[in-house]
1. Among the residues of the stretch 70-115, how many are part of a loop (DSSP other than H, G, I, E, B) and either charged (D, E, K, R) or closer than 14 Å to Tyr26 by Cα (or both)?
2. Can you tell me which residues in the stretch 74-93 are open to solvent by 50 Å² or more (accessible area, probe 1.4 Å) and under 13 Å from Asn3 (Cα atoms)?
3. Take the residues in the stretch 1-15 that are under 14 Å from Leu74 (Cα atoms) and open to solvent by less than 60 Å² (accessible area, probe 1.4 Å), then tell me which one is farthest from the chain's Cα centre (by Cα).
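The values are calculated or read from the model by the stated rules, or taken from the named source; none is laboratory data. Just so it is clear, the model here is predicted, and its values are computed rather than measured. Accessible surface is based on the protein model in full, side chains and every heavy atom, while ligands, DNA and RNA are left aside. Shrake-Rupley method; radii C 1.70, N 1.55, O 1.52, S 1.80 Å.
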Amino acid sequence: YINDDVKRQWSTNNPENRDVLHWEDYKARVYGFIDNMDQNELDTEEDDGMSYQEMIKRDKRRWEAADRDGDSTLTFQEFTDFLHPEEATHMTHIVVLETMEDIDKDNDGKISLAE
């Protein structure tokens with residue numbers, strides 16, 4: 001499943017089939033529609049409780065963690081780690097951080113008993 005998913009998303013986000021995928025190209029393909037939105041729409045939380053601004057910030061953080069050589073581009077393997085961080089040991093901190101953020105509904109940096 002993971003291999004098929006990554007291949008599909010790689011070809012969708014990298015139609016030129018280059019050896020690497022640039023952040024700006026990925027961001028434009030995934031979030032390009034927000035260029036026509038006003039600030040109020042950008043700050044509005046979607047069904048998952050995150051605004052588009054927060055989604056971009058989270059994706060950028062994950063991108064940087066997956067970018068093992070620090071060149072701001074992702075190879076196919078790095079893109080695999082970006083899409084499926086649960087499968088990459090060096091991405092464990094991202095999985096934990098994102099899970100904590102998802103559970104911490106009041107954004108106080110702590111997980112309460114109710115949460």
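1. Applying the first criterion (part of a loop (DSSP other than H, G, I, E, B)) to the stretch 70-115 yields 70-72, 75, 84, 88, 104-115.
Pick out the ones that are also either charged (D, E, K, R) or closer than 14 Å to Tyr26 by Cα (or both) and you get 71-72, 75, 104-106, 108, 110, 115.
Of the residues in that region, 9 qualify.
2. Phe76, Gln77, Glu87
3. Of all residues in the stretch 1-15, those under 14 Å from Leu74 (Cα atoms) come to 6-7, 9-11, 13-14.
Applying the additional criterion that residues be open to solvent by less than 60 Å² (accessible area, probe 1.4 Å) yields 6, 9-10, 13-14.
On the way: Val6: 13, Gln9: 13, Trp10: 14, Asn13: 13, Asn14: 16 Å.
Filtering first and then ranking leaves Asn14.
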